[in-house]
Amino acid sequence: MQQDHQIPVLVGVGQVRNNRDRTVDGAREPAELMLEALRLAAEDAGSPRLLTEADSIDAVNVVSWNYADLPGLLAGRLGAQPTHRFYSPVGGQWPARLLDEAAARVASGETSIALIVGGEAMASTAVLHKAGVDPIAERGWSAAPGGPAAFDPELLGSAETQAAGLIFPTRVYPLFENRLRFELGQTPEQAMTWSAQLYADFSRVAAENPVAWNPVQRSASELATIGPDNRMVCEPYPLSMNAMPHVDQAAAVIVTSLATAREHGVPEDQIVYVWGGAGAEQSAEFLHRDGFGSSPAMASALDRTLERAGVSSDQLDIVDVYSCFPVVPKLASLQLKLPADAVPSVTGGHSSFGGPMNTYTLFSVVAVAQRLRGDAGLALVHGNGGYISYQHAVLLSSAPHAEGYVGRPEPVGIASDEAPVVIPTADGEVTIETATVEYGRDNQPALGLLVGRTADGRRMAGQTAPGDTASVRTLSSQQNREVVGRTVRLDVDGPYVRITPALQQHEK
């Protein structure tokens, strides 16, 4: 058993929701929201000194505003002088990984008091832009360098994925969903029923979360019904099953050693023990992975997190997994072998609670810590980044682990064992590996996206041309129609492909 000064614990949590009414006067920049969350976390711990004495500050990547040195800015405003300062790259796995890394530094004696914080103000930046208000000149927002975060074109993916139109999460995650459904032997209707019930359960949780962006309980039927207020985005996901990034939310947690927590007078019933976790990464080039129906990186991160702690999934009292799109909590639930009626969130999910870009999982840590304080138990928090590319999980408990900290935060790389050869799209027949159809704001199908395999196993991907309704119809799974596994013919038409059923499969 490690000594008290080597046992990492969560002692304070704070979270903020701002400008729900989307007004100019209510707009605040992300750093201000994060500072408020940090002060709430210190208040929660009962010791404001934790902020000024912090020797570590980690900040989650912010999308809604540009900062030259966000951890330094926060430290200066808090009056702290941390020796460790880190600003994460893009990725929803980072909050869980930062918590795990902070706990590892506490266990090694490198860190005594660690602050982890993140936040977004996408709602306010949109309001100010629409009103023609300069956030720097007229609202005093940070100007070093300031402005919306610069967009990195590489985040769109490789030349292959861009040429195929597979460049947004709204287009890519449905590819995983549709393949998973096919491999599970589900019809589109059965998969939609599962997704709708899952997100209805999330909305019930969000309705009780004081900082949820959409705290309204919704029924599975309502979420599955396509209409003006719930248009289809990309099959099979309507708007209600997409992450909601246009929010103003911030969260913060404080991690210390058990000895430091007691020195600061943190009540014993406030302390949550960080057992540790594990992470795994796959290639961001998803066209070069083995398939779309599973996530070896997720499996590795979840399995190794449990194995290192010597526990099994049926010993978990709380599970909170990432939920940007339904396929992610589905994959996690399957990997953890959760009961069919399990609700893998105490936060509320990205569409109901809100999806503050890379920071969502930090809110999960807050929600889990609050639950563990009220009831003894063991919890797993999971974060996902990229296109199911980057995974991290961490265990929290109301009691210490017999061996203290047992995590290993450095992610392992997961190689594709049978990575397919990806070739430029060419004329010929392919079997659809997975596909989706994107809809316009008029709720009409507008674009088809396909990944297929040639007879010799090579992979091709392509998108339909604007106005090619016949090709789009061939790929559509509406009316409970199976398209995955069908053979179609591709004909190259400039940068696009025309898609028709193979001769033996022409429909009447």
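Which members of the range 448-458 meet the condition of being charged (D, E, K, R) and in a strand (DSSP E or B)? Spell out how you get there, then give the answer.
Initial filter on the range 448-458 (charged (D, E, K, R)): 453, 456, 458.
Of everything in the range 448-458, just one residue is charged (D, E, K, R) and in a strand (DSSP E or B), namely 453.
Pull up the range 215-232, narrow it to residues that are crowded, with 19+ Cβ neighbours inside 10 Å and not small (Gly, Ala, Ser), then point me to the one that is farthest from residue 251 (Cα to Cα). Give the steps one after another, and end with the answer.
Residues of the range 215-232 crowded, with 19+ Cβ neighbours inside 10 Å: 215, 218, 223-224, 232.
Applying the additional criterion that residues be not small (Gly, Ala, Ser) yields 215, 218, 223, 232.
Working: 215: 17, 218: 25, 223: 28, 232: 31 Å.
Among those that are crowded, with 19+ Cβ neighbours inside 10 Å and not small (Gly, Ala, Ser), it is 232.
Pick out, from the range 65-162, the helices (runs of 4 or more DSSP H) lying fully within it that include 3 or more residues that are assigned by TED's automatic domain parsing to the domain that holds residue 16, among the hydrophobic types (A, V, I, L, M, F, W, C) and under 23 Å from residue 14 (Cβ atoms).
Values: elements: 70-78, 94-108, 122-131, 135-139.
Hits in the range 65-162: 70-78, 94-108.
Restricting the search to the range 1-38, which residues are among the charged types (D, E, K, R) and either in contact with a strand residue (DSSP E or B) (Cβ under 7 Å, 6 or more places away or on another chain) or over 25 Å from residue 69 (Cα atoms) (or both)?
Restricting attention to the range 1-38, the residues satisfying the condition of being among the charged types (D, E, K, R) are 4, 17, 20-22, 25, 28-29, 32, 36.
Those that are among the charged types (D, E, K, R) and either in contact with a strand residue (DSSP E or B) (Cβ under 7 Å, 6 or more places away or on another chain) or over 25 Å from residue 69 (Cα atoms) (or both): 4, 17, 20, 21, 22, 25, 28, 29, 36.
Kindly evaluate residue 392 against the criterion of being buried (at least 20 other Cβ atoms within 10 Å of the Cβ), on the phi < 0 side of the Ramachandran plot, in a loop (DSSP other than H, G, I, E, B) and in contact with a helix residue (DSSP H, G or I) (Cβ under 7 Å, 6 or more places away or on another chain). Show your work before the answer.
Numbers: buried (at least 20 other Cβ atoms within 10 Å of the Cβ): yes; on the phi < 0 side of the Ramachandran plot: yes; in a loop (DSSP other than H, G, I, E, B): no; in contact with a helix residue (DSSP H, G or I) (Cβ under 7 Å, 6 or more places away or on another chain): yes.
Answer is no for this residue.
Restricting to the range 431-447, name every residue that is of a type outside the set (Ser, Thr, Tyr), more than 25 Å from the chain's Cα centre (by Cα) and either under 22 Å from residue 185 (Cβ atoms) or not in a strand (DSSP E or B) (or both).
Matches in the range 431-447: 432, 442, 443, 444.
Just to check your reading of the model, which residue among 32, 36 is in a helix (DSSP H, G or I), over 22 Å from residue 106 (Cβ atoms), without any contact (Cβ under 8 Å) to a residue 24 or more places away in the chain and in the same structural domain as residue 106 (by TED's automatic domain parsing)?
Details: 36 fails: without any contact (Cβ under 8 Å) to a residue 24 or more places away in the chain.
One residue alone meets the criteria, 32.
May I ask you to say which residue of 15, 2 is polar (S, T, N, Q) and in a loop (DSSP other than H, G, I, E, B)?
Working: 15 fails: in a loop (DSSP other than H, G, I, E, B).
Result: 2 is the single residue among 15, 2 that is polar (S, T, N, Q) and in a loop (DSSP other than H, G, I, E, B).
In this structure, is residue 315 polar (S, T, N, Q) and buried (at least 20 other Cβ atoms within 10 Å of the Cβ)? Explain how you work it out, then say what you get.
Numbers: polar (S, T, N, Q): yes; buried (at least 20 other Cβ atoms within 10 Å of the Cβ): no.
For residue 315, the condition - polar (S, T, N, Q) and buried (at least 20 other Cβ atoms within 10 Å of the Cβ) - is not met.
Tell me which residues, restricted to the range 185-199, are touching a residue at least 60 places away in the same chain (Cβ under 8 Å) and in a helix (DSSP H, G or I). Don't jump to the end; show me each part of the working.
The first filter runs over the range 185-199 and keeps only residues touching a residue at least 60 places away in the same chain (Cβ under 8 Å), leaving 187-189, 194-195, 198-199.
Answer for the range 185-199, where residues must be touching a residue at least 60 places away in the same chain (Cβ under 8 Å) and in a helix (DSSP H, G or I): 188, 189, 194, 195, 198, 199.
Select, from 137, 150, 104, the only residue that is surrounded by 15 or more Cβ atoms within 10 Å (Cβ to Cβ), farther than 21 Å from residue 327 by Cβ and either more than 21 Å from the chain's Cα centre (by Cα) or modelled with pLDDT under 95 (or both). Don't jump to the end; show me each part of the working.
On the way: 137 fails: surrounded by 15 or more Cβ atoms within 10 Å (Cβ to Cβ); 150 fails: surrounded by 15 or more Cβ atoms within 10 Å (Cβ to Cβ).
Answer to the selection: 104.
Within the range 416-454, can you find the residues that are at pLDDT below 95 and aliphatic (A, V, I, L, M)?
Those that are at pLDDT below 95 and aliphatic (A, V, I, L, M): 419, 421, 422, 423, 426.
Which is under 19 Å from the mean Cα position of the chain (by Cα) and surrounded by fewer than 19 Cβ atoms within 10 Å (Cβ to Cβ), of 198, 239?
Details: 198 fails: surrounded by fewer than 19 Cβ atoms within 10 Å (Cβ to Cβ).
Among 198, 239, only 239 is under 19 Å from the mean Cα position of the chain (by Cα) and surrounded by fewer than 19 Cβ atoms within 10 Å (Cβ to Cβ).
Pairs needed: first member in the range 281-303, in a loop (DSSP other than H, G, I, E, B); second member anywhere, surrounded by fewer than 20 Cβ atoms within 10 Å (Cβ to Cβ) and not basic (Lys, Arg); C-beta distance under 6 Å; at least 6 residues apart or different chains.
Qualifying pairs under 6 Å: 285/158; 289/416; 290/416; 290/418; 293/183.
Do the conditions hold for residue 450, that is, is it within 23 Å of residue 189 (Cα to Cα), surrounded by 14 or more Cβ atoms within 10 Å (Cβ to Cβ) and in contact with an Asp or Glu (Cβ under 9 Å, 6 or more places away or on another chain)? Before the answer, list the steps.
Values: within 23 Å of residue 189 (Cα to Cα): yes; surrounded by 14 or more Cβ atoms within 10 Å (Cβ to Cβ): yes; in contact with an Asp or Glu (Cβ under 9 Å, 6 or more places away or on another chain): yes.
It is true that residue 450 is within 23 Å of residue 189 (Cα to Cα), surrounded by 14 or more Cβ atoms within 10 Å (Cβ to Cβ) and in contact with an Asp or Glu (Cβ under 9 Å, 6 or more places away or on another chain).
When you go through (1) in contact (Cβ under 8 Å) with a residue 24 or more places away in the chain; (2) over 27 Å from residue 417 (Cα atoms) one by one for residue 225, which number turns out not to apply?
(1)
When you scan the range 462-469, do you find a residue that is outside any loop (DSSP other than H, G, I, E, B), of a type in the set (A, V, I, L, M, F, W, C) and either in contact (Cβ under 8 Å) with a residue 24 or more places away in the chain or closer than 23 Å to residue 285 by Cβ (or both), even just one?
First pass over the range 462-469, keeping only residues outside any loop (DSSP other than H, G, I, E, B): 462-463, 469.
When the remaining residues are screened for being of a type in the set (A, V, I, L, M, F, W, C), the result is none.
Within the range 462-469 (the criterion being outside any loop (DSSP other than H, G, I, E, B), of a type in the set (A, V, I, L, M, F, W, C) and either in contact (Cβ under 8 Å) with a residue 24 or more places away in the chain or closer than 23 Å to residue 285 by Cβ (or both)), the answer is no, since none of the residues qualifies.
The values are calculated or read from the model by the stated rules, or taken from the named source; none is laboratory data. This structure is a prediction, so every number in the text was calculated from the model and none was measured. FYI the Cβ positions are ideal-geometry reconstructions off the backbone, even for glycines, and counts take in every protein chain you see.
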